[in-house]
Each structure stands twice: as C-alpha cells, then as structure tokens.
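**Student:** Okay, here's the structure, questions in a sec.
The values are calculated or read from the model by the stated rules, or taken from the named source; none is laboratory data. Source: prediction; values computed, not measured. Backbone-built Cβ (ideal geometry, glycine too); neighbour counts: all protein chains shown.
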Amino acid sequence: MESLNLKLLEVCSRCGACYHICPSCLNLEGYDPRAVIKDILAGTYEKWLHHKSIWQCLECHHCLEICFQHYGFENAMAAMRTVASKKGLATSQVKRGWDMFIKTSRLGEPMASARKKLNLPEAAKSGAEDFKKLVKIYQEKKKSGVKRNES
Amino acid sequence: MKDFTIFWGCTIQTRFPFLEKSTRMVLEGFNLPYRDLDGFTCCPEKSLVNNIDHGLWVLTAARNIALLDKAGVDLVSPCTGCVSNLATVNSELHANHKEKDKVNSLLNEIGLEFKGSNKLRHLVPFFHDEVGIPAIKNKIVKPFNGMRIAIHYGCHMIRPSHALKNDDPLDPKKFDNLIRAMGAESVQYMTKLLCCGQGLDRVDQHENALHFARIKLRELKALKVDAMALCCPSCYLQFDNNQFLMEKEGEKFGIPILYFTELLGLAMGYKPEDLGVDSHRIEATNFLEKWNRLNCELSRTTELNRQLEEGFGIAQP
C-alpha cells in the first residue's frame, strides 16, 4: 500500500457496517478494527504494532465489497502490518516466508519425486534468475530514490 | 478458444502435486488448448509480500503478467490466491498509468513489458464461462445424482470483484451451477461464504485457524453432507490437513474435501486413484462407496424404464 486515506478512515471509525460480515469480527474474541482505526487517526497506533489483532485480518475482502466507500478497514490493518514488519515485528512465519520468497522467488519448489510417481511432466522452469535481477534493480532504484528525498 | 497457460502457483506444486494431476486430466479430457510456460515466480502472495513491500508485490505480479503478454496467451489458475493477486495488480496498473510506467521502466531492464492484455481467470469460472455447462454435461458418464455436496468458494475466487469480475462477490453462483451440472445437490448452509481462516496458520495463530475450520466443519457434519467441494490449495490445506489434525485430537468430522477437478474427473469416468483422490488425509471412501451404490441404482432404474418402454410402448419424456 502506498498510503492511507485518512478521510475515508474517519468515516470507517464511525461506521462498522462490515462488522456483520467480517469473519474475524464475528468469530475472534477481541478483534475490533475500529479501535485500531481510531488510534491511527489519533496518531497513537504504536501499541497495535505489537498486537496479534493486526495479523487477524484475513484479507477476504468482504469489508471492501460491502463498504459504501469501497475502502474497508483491511487497508488500515495492512498498513499496521507494513509498519510492524519494517520495525522487525512481523511474526516468525511471515519472516521465514519473506526470506524464502526473496531468495528463491517462490514459497517452495516442485516435488520432483512425487511428480514422477504421479506421471506428471517436468515442472516448467521458474523465473528465479530474472526475478533476482529485477529485485536488485528495484532495490537500487528505491535506495537512490530515498537518498534523493533526503537531500 | 484462445490458448492459455496454467499458473500452478507455489502451494499446489510444493505440497499437493496430485491436484495438478487431476487438473491436467480434466483439461486434457476436454481437449483444451493449454500449455506450460517457463519463467513464473510466486504470484506473489499478497498477505506476505504486500504487507512488507507493496512496490515489490506489484512488480513481481507485473513480471508474471508480462510473460503472458510476451507469449500471447491467457492465464487460468486452479489457485484462487494466485488469480486474485495477479488480477488485483493488473487492475491497479490499468487504473494508474504513472505506476504502470514506473513498473515498465524496471521491467524493460530485463527485456519485458507489462501490457496486461490477456485474460486472468480462475479455473471454476473458466469452466463455467468458456467450456460451458452443456459441454460439461456431455462429458459426464457417472453423475453425482443423490450426492449432497457443500461448496466452499474460497474468498479469492470471487473477491475483490472490481479486479476479478467473475461472479457476484456476496452471492456467487457459478461453482453451484457446475456442481449441479454434475448431478449433485449443492447444499446451502449458513457459513457457506465464511473465509476458511487458513491465513491465520501463516501468522503463527494455529489455534485460531483450527477455530475457523471447526465452525464450518461442525455445521457440515450436522447437515450430513457427503463432501465439501473447493478449488483453492490454501482452503484445501485448511479443511483436509487441519480436519485431520483435529480428528487426531478426538473430534470426528469425516468430511472428505474434494477439489473441483477431482469431482469433475470422477464424473467423467476417471478412476479415483488416477486422479489422486487417495492422496488426501481425510479419506473419501464413504463418499465413493455411496456414489458407486447410487450409480448402480441409477443404472438399474434406467434399465427398468427401458424394459417398461419396450413392454408397454409408453413414450418417456
């Protein structure tokens, strides 16, 4: 996500129509996205970065679909996860998944022996090499962009 | 029909190659023009990559889509997450030309260009819209008449709808139509559109993931359905593997989880073991036995009607 739209979030903080359809609001005790949103608007969101709640948004997009602003609180939760990750507060599985993605371009490799047993053709080649090149270019551009902004 | 490639994604090829098997078998059974394409990476997984680096999430998906532009083929995927992620980035870049230019300036350095000019579709709506119900009915030799099947759509088959545009995001029908075309009853139930909750397993909240699986499985057990049908490897993991774990802890559900391609393959007459149905953690034995029995009855009834027609000359509608 690039940035949050605080005007839309302000409406979110007073609406809550999606509470009747959000799977986590309905089924996980203590899950209350509006509490997070109110703290984001007040600038006092720090405590949520350490909280399990921000990882409980399932990104099912139900809130987005029924939201009359077509926004939904999923954006606020994703923003909290991004900031938490930047501060090294992502859960250990998220960190492991990210490392594997960056190193291999995938979240696992095809199982050659099982494929043979099932009589499946050899798996198509992955784009790992091109991907690594692209990530390098991307990260260099990002770094030089940050430096430009700082100067 | 335009040529298309299958985007298998990481989970199917890493953990459930038998789901690739049944998908290939039904595609070949319908003689559909698909081919494998080299060079794909992870779609990438939104809840992982987008949370950490939005720019890289967009760029990686755009690179996968650019491979389609280069090859001139559409994309079909038996994974809801993959299609949803790719379609979301596709729609974001079509709506934001500045971002598209930025992405293309990077992709150009590895000899690619994002145009986003090919269709990105999930396998279920693809079968519904492109293959079509009449052609599917023509291929069915062993229908599921009398079987009660509960569909789990999987959130990302239908949402976000602005990007996927393939069914009603809050009241989808296409998967239901396909299950009915195979002769089964699509059992309607309260938690039908509830998210599977597997995402919680990926953020170190296993107990909460089980909690979600339990809600749906308990309702389906009470309704005495014969099976759950789905077409997403993540949802499959949640309901097959986590059901197995809960059964080991003592709560019995006994609900086999069948992939769309497995059901279609069975109805087309392929053997369960060839389709990989015997690779599941929750056995489908009861489902298969009931289905075989009902089909024997069905063929006996058909035979009886044939004899009645011959004997009395009654024209059957």
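**Student:** Could you list, in sequence order, the residues of segment B:87-102 that are among the aliphatic types (A, V, I, L, M) and surrounded by fewer than 24 Cβ atoms within 10 Å (Cβ to Cβ)?
**Tutor:** First, pick out the residues of segment B:87-102 that are among the aliphatic types (A, V, I, L, M): B:87, B:89, B:93, B:95.
Within segment B:87-102, B:LEU93, B:ALA95 qualify.
**Student:** Which members of segment B:30-63 meet the condition of being surrounded by 22 or more Cβ atoms within 10 Å (Cβ to Cβ), under 13 Å from A:ALA128 (Cβ atoms) and not β-branched (Val, Ile, Thr)?
**Tutor:** B:PHE40, B:CYS42, B:PRO44, B:ARG63 - these are the residues of segment B:30-63 that are surrounded by 22 or more Cβ atoms within 10 Å (Cβ to Cβ), under 13 Å from A:ALA128 (Cβ atoms) and not β-branched (Val, Ile, Thr).
**Student:** In addition: Here are A:GLU2, A:GLU46: which of them is at pLDDT 95 or above and surrounded by fewer than 17 Cβ atoms within 10 Å (Cβ to Cβ)?
**Tutor:** Matching residue, one of A:GLU2, A:GLU46: A:GLU46.
**Student:** Could you check how many residues of segment B:48-68 are facing another protein chain (nearest Cβ under 7 Å) and touching a Gly at 6+ places or on another chain (Cβ under 6 Å)?
**Tutor:** Adding up the residues that qualify gives 1.
**Student:** Among the residues of segment A:17-31, which ones are surrounded by 16 or more Cβ atoms within 10 Å (Cβ to Cβ) and either of a type in the set (A, V, I, L, M, F, W, C) or in a loop (DSSP other than H, G, I, E, B) (or both)?
**Tutor:** Passing the criteria: A:CYS18, A:ILE21, A:CYS22, A:CYS25, A:LEU28, A:TYR31.
**Student:** Is it the case that segment B:6-24 has a residue that's assigned to a loop (DSSP other than H, G, I, E, B) and out of contact with any Gly (no Cβ under 9 Å at 6 or more places or on another chain)? Outline the logic, then answer.
**Tutor:** Initially, segment B:6-24 is screened for residues assigned to a loop (DSSP other than H, G, I, E, B), giving B:7-8, B:16.
Filter once more, so that each one left must be out of contact with any Gly (no Cβ under 9 Å at 6 or more places or on another chain): B:7-8.
Within segment B:6-24, one or more residues are assigned to a loop (DSSP other than H, G, I, E, B) and out of contact with any Gly (no Cβ under 9 Å at 6 or more places or on another chain).
**Student:** Let me ask you something else. Touching a residue at least 40 places away in the same chain (Cβ under 8 Å) and either surrounded by fewer than 21 Cβ atoms within 10 Å (Cβ to Cβ) or of a type in the set (Gly, Ala, Ser) (or both): which single residue out of A:VAL36, A:VAL11 fits that description? Steps first, please.
**Tutor:** Details: A:VAL36 fails: either surrounded by fewer than 21 Cβ atoms within 10 Å (Cβ to Cβ) or of a type in the set (Gly, Ala, Ser) (or both).
None of the others qualify; the one that does is A:VAL11.
Condition check ((1) over 15 Å from the mean Cα position of the chain (by Cα); (2) among the hydrophobic types (A, V, I, L, M, F, W, C); (3) in the same structural domain as A:LYS136 (by TED's automatic domain parsing)) across all residues:
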site: A:CYS18; (1), (2), (3): yes, yes, no
site: A:CYS25; (1), (2), (3): yes, yes, no
site: A:LEU49; (1), (2), (3): no, yes, no
site: A:TRP55; (1), (2), (3): no, yes, no
site: A:HIS70; (1), (2), (3): yes, no, no
site: A:ARG96; (1), (2), (3): no, no, yes
site: A:THR104; (1), (2), (3): yes, no, yes
site: A:PRO110; (1), (2), (3): yes, no, yes
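**Student:** Here is a further query. Mind listing whichever residues of segment B:105-117 are within 12 Å of chain A (Cβ to nearest Cβ) and either among the basic types (Lys, Arg) or in a helix (DSSP H, G or I) (or both)?
**Tutor:** Within segment B:105-117, B:SER105, B:LEU106, B:LEU107, B:ASN108, B:GLU109, B:ILE110 qualify.
**Student:** Oh, and also: What is the residue count in segment A:98-134 for residues that are at the interface with another protein chain (Cβ under 7 Å from one of its Cβ atoms) and over 20 Å from B:PHE7 (Cα atoms)?
**Tutor:** 3
**Student:** Within 12 Å of chain A (Cβ to nearest Cβ), over 25 Å from B:SER234 (Cα atoms), of a type outside the set (Asp, Glu) and in contact with a strand residue (DSSP E or B) (Cβ under 9 Å, 6 or more places away or on another chain) - does that describe any residue in segment B:69-81?
**Tutor:** Keep residues of segment B:69-81 that are within 12 Å of chain A (Cβ to nearest Cβ), which gives B:70-71, B:79-81.
From what is left, the residues that are over 25 Å from B:SER234 (Cα atoms) are B:70-71.
Restricting the remaining residues to those that are of a type outside the set (Asp, Glu) gives B:70-71.
Those left that are additionally in contact with a strand residue (DSSP E or B) (Cβ under 9 Å, 6 or more places away or on another chain): B:71.
Yes.
**Student:** Scan segment B:225-260 for residues that are within 16 Å of B:THR11 (Cα to Cα) and of a type in the set (S, T, N, Q) and jot them down.
**Tutor:** Of segment B:225-260, the ones within 16 Å of B:THR11 (Cα to Cα) are B:230-242, B:259.
Result: B:SER234, B:GLN238, B:ASN241, B:ASN242.
**Student:** Sticking with this structure for a sec: Scan (1) touching a helix residue (DSSP H, G or I) at 6+ places or on another chain (Cβ under 8 Å); (2) outside the structural domain of B:LYS192 (by TED's automatic domain parsing); (3) without any contact (Cβ under 8 Å) to a residue 60 or more places away in the chain for the single condition B:LYS102 breaks and write down its number.
**Tutor:** (1)
**Student:** Only one of these conditions is not met by B:LEU193: (1) within 16 Å of the chain's Cα centre (by Cα); (2) surrounded by fewer than 16 Cβ atoms within 10 Å (Cβ to Cβ); (3) within 14 Å of another protein chain (Cβ to nearest Cβ). Which number is it?
**Tutor:** Unmet condition: (2).
One line per residue, one yes/no per condition, for (1) among the aliphatic types (A, V, I, L, M); (2) under 28 Å from B:PHE260 (Cβ atoms); (3) free of Cβ contacts under 8 Å to residues at least 12 places away in the same chain; (4) in a helix (DSSP H, G or I):
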position	(1), (2), (3), (4)
B:VAL49	yes, yes, yes, yes
B:THR60	no, yes, no, yes
B:ILE65	yes, yes, no, yes
B:LEU68	yes, yes, no, yes
B:SER84	no, yes, no, yes
B:THR88	no, yes, no, yes
B:HIS94	no, no, no, yes
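**Student:** Has segment A:76-95 got any residue that is of a type in the set (D, E, K, R) and touching a Gly at 6+ places or on another chain (Cβ under 8 Å)?
**Tutor:** Kept after step one, since they are of a type in the set (D, E, K, R), are these residues of segment A:76-95: A:81, A:86-87, A:95.
With the extra rule that they be touching a Gly at 6+ places or on another chain (Cβ under 8 Å), the set shrinks to none.
There is no residue in segment A:76-95 that is of a type in the set (D, E, K, R) and touching a Gly at 6+ places or on another chain (Cβ under 8 Å).
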